[in-house]
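Working notes for the structure below.
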Amino acid sequence: MRNIDSYTHTRGESVYLDDIPLTAGTLFGAVYGSPVAHGKILKLDLSEAEAMEEVVRIFTYRDIPGKNQIGGIVPDEPLLAEDEVHYNGMPVALVVATSVEAAQSAVKKIKIEVEQHTVVTDPRIAQKNGSLLVPPRTFKLGDTQKAFESCAHIFEGIAETNGQEHLYIETQGAYALPAENAAIKVYSSTQGPTAVQRHMADVLGIPMHRIEVDVTRLGGGFGGKEDQATSWAIFCGLATYHLKKPVKYCLHRMEDMRMTGKRNPYSSDFKIGLDKDLKIIAYEVTFFQNAGAAADLSPAVLERTLFHCTNSYFVPNVKATAYSCRTNLPPNTAFRGFGGPQGMFVIEAAIAKAAEGLGIAASEIQKKNLIQTGEEFSYGQKAESEAIVCWEKVQSLYDVEKIKSEINAFNTSNTLYKKGMSFMPICFGISFTKILMNQARALVHVYTDGSVSISTGAVEMGQGVNTKMLQVAAAIFSISPNKIKVNSTNTYRIANTSPTAASAAADLNGKAVQIACEKILERIKAVAAEILKCGSSVIEINGEKIYANKEVADLSWDQLVMAAYLKRVNLSEHGHYATPGIHFDNTIEKGHPFAYHVYGTAITTVTIDCLRGTYEVDAVKLVHDFGTTMNAIVDKGQIEGGVVQGIGWMTMEEIVYDAEGRLRSNALSTYKVPDIYSVPKELNIHYLETLNDNLAIFRSKAVGEPPLMYGIGTYFALRNAIKAFNPNSNIGFFAPMTPEKLLMGLYSSTK
Ligand code: MTE
Ligand code: HPA
Ligand code: MOS
């Protein structure tokens with residue numbers, strides 16, 4: 001089934017925040033962000049801005065009626081700076097004016113005096129200074145110290161991954177409207193409607209039931225709107241609260257790039273030990289996460305880095321320690337993969353280093369260590385593994401031996417162009433790592449004409465979750481998808497939602513829809529049984545027709561629904577789902593945190609230009625474990641998008657902050673993302689059906705985040721191509737591999 005949004009998307013009719021018709025009298029916000037990254041505010045001069053005719057009012061922290069606090073995990077983030085600033089762009093004041101232009105020009109007239117303090121942008125320095133957001137955490141399995149003594153080969157090194165700008169097409173934004181009895185309605189481009197509602201209630205000092213958050217869809221979120229959509233919505237809400245007027249604020253792209261956090265950069269130390277048969281016996285890793293100036297989601301991101309630090313390998317002795325380091329950058333945050341990719345990059349770097357040291361291909365080590373069913377991850381969960389199946393399927397399906405010999409032949413006959421290849425197995429745990437977040441609700445109404453409406457806590461952000469919700473209801477009721485409508489996500493209809501994140505939205509909300517539909521179906525069937533004078537158990541509904549004892553009855557879905565209504569049967573239901581069987585004890589860092597894992601393997605081939613340092617991704621060919629996909633087209637889109645986003649992170653997207661903590665890559669002229677010319681020339685996806693029982697909706701495994709990690713393969717393919725040109729190149733493991741870095745690598749030397 002096609003994505004249900006495709007029709008309005010292609011006609012330009014889909015409604016995003018900026019398409020909501022403005023109510024008369026709407027005012028516009030703009031935030032004044034600190035021009036320095038760290039210091040004490042000595043003086044804030046608003047007078048010139050306030051004197052502008054179009055400026056209605058300028059708000060500072062003094063205007064906050066409730067708590068000046070928006071920290072989600074740790075209460076360490078004020079909405080508006082009080083007397084200190086901790087990053088360049090930290091909100092200090094909110095201007096509200098009669099036009100967008102006036103609000104923005106008033107921001108430029110605000111003056112500030114700041115006593116500047118030392119700016120730290122390096123997580124390792126922050127860690128040395130003892131500047132941690134939360135205490136460090138360590139995951140342990142076996143005994144690494146003892147295991148290293150028995151290793152035949154030990155390799156150590158450093159690996160670094162940079163941040164990544166979310167670059168959702170729709171920037172952050174919100175629109176707040178006053179409602180009766182001092183309530184506020186907020187349209188917000190958020191993945192977390194409840195986060196907006198809860199924090200706005202705190203900041204305004206009003207109960208949550210007075211705040212209605214409504215989300216039709218996002219023009220992308222990618223994790224950047226899981227927590228960080230909240231402040232912009234509260235700014236609008238704060239102004240509406242005081243002025244009793246509608247207030248809208250959609251960020252300019254450069255404001256968004258400067259003021260919001262990104263994927264957490266990491267710097268890591270690794271030590272890997274192998275026995276003579278290339279089995280990984282021990283792995284030690286220390287992660288220094290660059291969290292930015294406030295916790296935001298970083299402690300949770302850090303946790304997932306630990307969960308995924310051994311990727312899809314079984315390592316019997318693991319010690320992984322992670323530090324969440326406070327720096328003077330905008331608070332970094334969730335980004336597709338949520339720390340998993342950062343952890344997986346390091347073990348792939350360790351394997352690559354070992355392979356180079358031993359003069360073999362990394363794949364020799366990779367394939368020997370793939371995790372098997374029953375083997376244990378460092379956090380105690382036993383694998384139900386598809387790792388080997390995926391790996392072997394890739395080998396046979398894409399004739400890997402032929403690819404290898406073609407690459408060798410190419411590299412022998414070319415001096416200025418070289419090719420490289422890599423294998424990238426992935427393993428990603430599905431569930432929020434915070435157990436309590438694994439719950440969802442859905443509200444299903446069947447109307448008297450037989451049409452159905454669904455509301456859930458899931459937010460549509462391009463990933464097609466609404467299409468999947470609709471498919472669930474269509475399948476349970478066995479009615480045409482045309483009879484069903486998915487409503488906007490709204491906190492008055494669905495309360496206490498978890499954000500749409502962790503790739504879990506379709507599973508959690510889909511199961512809630514399933515539960516609600518099944519309950520309604522049961523009542524409707526009872527009515528059919530009464531009408532047809534038979535037992536409820538012999539009633540079936542199929543394609544809007546009613547069957548009794550397999551015989552089609554003279555009764556349609558529409559007629560049956562009306563009959564049920566006339567009999568005063570409840571045609572609405574609120575379904576609640578909470579993932580069963582998951583648990584985690586973080587005092588011992590052991591448990592069973594994931595409903596299931598998603599596996600896959602990609603092979604990537606690249607060609608580099610050894611004169612220019614430029615490159616092309618020739619092909620990404622992958623086998624992905626879908627369970628059984630419930631929507632192949634939507635899932636294909638997720639894989640294609642994820643792969644390209646992963647390649648962008650690993651190759652060209654380069655976030656640059658200067659020593660003063662100022663973002664230099666602050667526009668699309670200085671921050672390069674993949675375009676149509678940089679996507680792989682070939683992208684083959686094999687849908688592996690895996691038959692193990694899983695907790696996914698209709699056994700269709702979550703697909704949102706895992707494919708991003710195939711992109712890591714491109715980094716290692718490029719590295720192998722460089723080595724083909726210059727076996728002595730000294731390139732280290734520092735992603736992204738920009739053309740500049742690649743060029744330097746080609747002509748560098750360890751000797
Ligand atoms: N796909 C699109 N088109 N836009 C997005 O913003 N976000 C990704 C992924 N795919 C995203 C996307 C992220 S970070 C997550 S966690 C999942 O979608 C969330 O949706 P799901 O739980 O429905 O998979
Ligand atoms: N993924 C995404 N968001 C989250 C998670 C997670 O595992 N845990 C808490 N928020
Ligand atoms: Mo996705 S990073 O969990 O929003």
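Just a few scattered comments:
- Every listed requirement among (1) touching a Lys or Arg at 6+ places or on another chain (Cβ under 7 Å); (2) within 16 Å of ligand 1 (Cβ to nearest atom); (3) of a type in the set (Val, Ile, Thr) is met by Thr497 save one, (1).
- Residue check, Gly745 more than 16 Å from ligand 2 (Cβ to nearest atom), closer than 21 Å to Tyr599 by Cα and open to solvent by less than 10 Å² (accessible area, probe 1.4 Å): no
- Among the residues listed as Ala159, Ala152, Ala201, Ala176, the single one being buried (at least 23 other Cβ atoms within 10 Å of the Cβ), over 23 Å from the mean Cα position of the chain (by Cα) and more than 16 Å from ligand 3 (Cβ to nearest atom): Ala176
- Of all residues in the stretch 727-751 being in contact (Cβ under 8 Å) with a residue 24 or more places away in the chain and in a loop (DSSP other than H, G, I, E, B), the one that is nearest to Glu160 (Cα to Cα): Phe733
- When restricted to residues that are assigned to a helix (DSSP H, G or I) and open to solvent by less than 70 Å² (accessible area, probe 1.4 Å), the stretch 550-605 contains 6.
- Here the stretch 502-548 is the region considered, the condition is being on the phi > 0 side of the Ramachandran plot and open to solvent by 20 Å² or more (accessible area, probe 1.4 Å), and the residue that is nearest to ligand 1 (Cβ to nearest atom) is Ser503.
- Of residues in the stretch 536-555 being in contact (Cβ under 8 Å) with a residue 24 or more places away in the chain and small (Gly, Ala, Ser), the one nearest to Ser480 (Cα to Cα): Gly543
- Counting the residues of the stretch 1-30 that are within 17 Å of Lys468 (Cβ to Cβ), touching a helix residue (DSSP H, G or I) at 6+ places or on another chain (Cβ under 7 Å) and not charged (D, E, K, R) gives 3.
- Qualifying residue in the stretch 305-324 (condition: without any contact (Cβ under 8 Å) to a residue 40 or more places away in the chain and within 16 Å of ligand 3 (Cβ to nearest atom)): yes
- Exclusive hit being open to solvent by less than 10 Å² (accessible area, probe 1.4 Å), of a type outside the set (D, E, K, R), within 16 Å of ligand 1 (Cβ to nearest atom) and touching a Ser or Thr at 6+ places or on another chain (Cβ under 6 Å), set Gly261, Gly224: Gly261
A quick yes/no check of all residues on (1) open to solvent by less than 60 Å² (accessible area, probe 1.4 Å); (2) out of contact with any strand residue (DSSP E or B) (no Cβ under 8 Å at 6 or more places or on another chain):
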{"site": "Asp63", "(1), (2)": "yes, yes"}
{"site": "Met90", "(1), (2)": "yes, no"}
{"site": "Ala93", "(1), (2)": "yes, no"}
{"site": "Ala102", "(1), (2)": "yes, no"}
{"site": "Glu113", "(1), (2)": "no, no"}
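- Scanning the stretch 506-558 for residues that are over 40 Å from the mean Cα position of the chain (by Cα) and of a type in the set (Gly, Ala, Ser) turns up Ala526, Ala528, Ala529, Gly535, Ser536, Ser537, Ala548, Ala553, Ser556.
- Checking Met437, Met421 one by one, the residue that is open to solvent by 10 Å² or more (accessible area, probe 1.4 Å) and away from ligand 2 (no atom under 16 Å from the Cβ) is Met421 and no other.
- Enumeration of residues in the stretch 112-128 that are within 30 Å of the chain's Cα centre (by Cα) and either at positive phi or assigned to a loop (DSSP other than H, G, I, E, B) (or both): Val119, Val120, Thr121, Asp122
- Candidate set from the stretch 491-501 (those that are open to solvent by 20 Å² or more (accessible area, probe 1.4 Å) and either under 11 Å from His576 (Cβ atoms) or among the hydrophobic types (A, V, I, L, M, F, W, C) (or both)); member that is farthest from ligand 2 (Cβ to nearest atom): Ala495
- When the test is whether a residue is closer than 30 Å to Thr714 by Cα, more than 14 Å from ligand 2 (Cβ to nearest atom) and not in a strand (DSSP E or B), Glu522 does not pass it.
- Yes/no for Ala233 being more than 16 Å from ligand 3 (Cβ to nearest atom), surrounded by 24 or more Cβ atoms within 10 Å (Cβ to Cβ) and at pLDDT 95 or above: yes
The values are calculated or read from the model by the stated rules, or taken from the named source; none is laboratory data. Keep in mind that what you see is a predicted model, and the values were worked out from it rather than measured. Here Cβ is always computed from backbone atoms with ideal geometry, including for glycine, and neighbour counts include all displayed protein chains. SASA here: full protein model, heavy atoms, side chains in, ligands and nucleic acids out. Shrake-Rupley method; radii C 1.70, N 1.55, O 1.52, S 1.80 Å.
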